[in-house]
Each structure stands twice: as structure tokens, then as C-alpha cells.
Amino acid sequence: MNAQAHTSAPLGAPVERTSSRALASLLLAAGVSALVVLADQLLDSWAERHEMAAWLVLWGIAVAAIVLLRGITRLVARKAMSALDAWSAGVAQRRADERLWTMAQTDARLMADLQAALDRSGSTPAKDVMDLTQRRVARILRDRLYYI
């Protein structure tokens, strides 16, 4: 049969995506290689007399760097990916708003719906027509929706 086994994470557990894992792996590799190169530079003169000991020290430094940097790189990768996701969502929202506004400028019904929704979004209901007009003028000036 062609049955697939689906494994699901428990509810509320954060699901780590492949892109953040890849970023964490790249950061870990960069950190480990930087520490090994630094250790090699520091052990260079000593390593000429003690090749085997220098080799073991370099491996020890590499393993210790992996253990110490693993959690840090995962945390940095997760934060970077969530920041990029938030930025991307903001860009998409702005583009959608701009497209909607462009369509509303050519469609009177859509513009009326948008203005009614913006008027309803005020904190308190308008008491009279004058209050409603003042709010609309203030919103137009605040959002620079006027044309000269």
C-alpha cells in the first residue's frame, strides 16, 4: 500500500523550519572553523615539536566549539528567521494595502466602503455630522490622502 506515516509535534511546541536549521548549521560551521583557525595560529610554534598533541588539542577545540556554539547558533538562527518572516509579512501587507488603495481610487463603491470602515474604526461613535467630518479631515491630513 501507499500509506504515509505523519509525525506531528505536540501542540504548543515550536516547529523548527528547515531554513532556520540550515542557517544554524552555517553559523555553527563558521564559528567552529574560526575557532580552529585561531587555535591553529596560536599553536603553530608549539605544534612543530608536538604534532600529535597539537592535533589532539585542535580536535578537542573543535568538539568543544561544536558543543558550546550549538545552542547559541540555533537561537540566533531562530531569531533571525522570525525577524525576516515578520519583515516579509510587513512588506506583503504594505503591498496589499497599496493595491487596495489603487483599486479604491478608481472604484467609488470600494472607496465608500473603505471610508465607512475607517470611520467605524474610531474609538467612540460620532455624535453628529460635524464630528464625523472633523474625524475624516483629521484622518486625511494624518495619512496624507489629499492631492494637490
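For D44, indicate whether it is surrounded by 12 or more Cβ atoms within 10 Å (Cβ to Cβ), assigned by TED's automatic domain parsing to the domain that holds G31 and farther than 13 Å from L28 by Cα. For D44, the condition - surrounded by 12 or more Cβ atoms within 10 Å (Cβ to Cβ), assigned by TED's automatic domain parsing to the domain that holds G31 and farther than 13 Å from L28 by Cα - is not met. Being under 31 Å from the mean Cα position of the chain (by Cα), assigned to a helix (DSSP H, G or I), among the aliphatic types (A, V, I, L, M) and modelled with pLDDT of 75 or more is a condition met by at least one residue of segment 102-118. Within the set of pairs 6 or more residues apart or between chains, which connect a residue that is closer than 13 Å to L118 by Cβ inside segment 130-141 to a residue that is charged (D, E, K, R) with Cβ atoms less than 7 Å apart? Listed by first residue and then by second, the contacts come to L132/D119; R135/D119; R136/D119. Before we move on, is L23 within 30 Å of D143 (Cα to Cα), modelled with pLDDT under 90 and not small (G, A, S)? No: the conditions fail for L23.
The values are calculated or read from the model by the stated rules, or taken from the named source; none is laboratory data. Remember, it's a predicted structure, so these values are computed and weren't measured experimentally. Note that each Cβ is placed from the backbone with ideal geometry, even for glycine, and that neighbours are counted across all protein chains shown.
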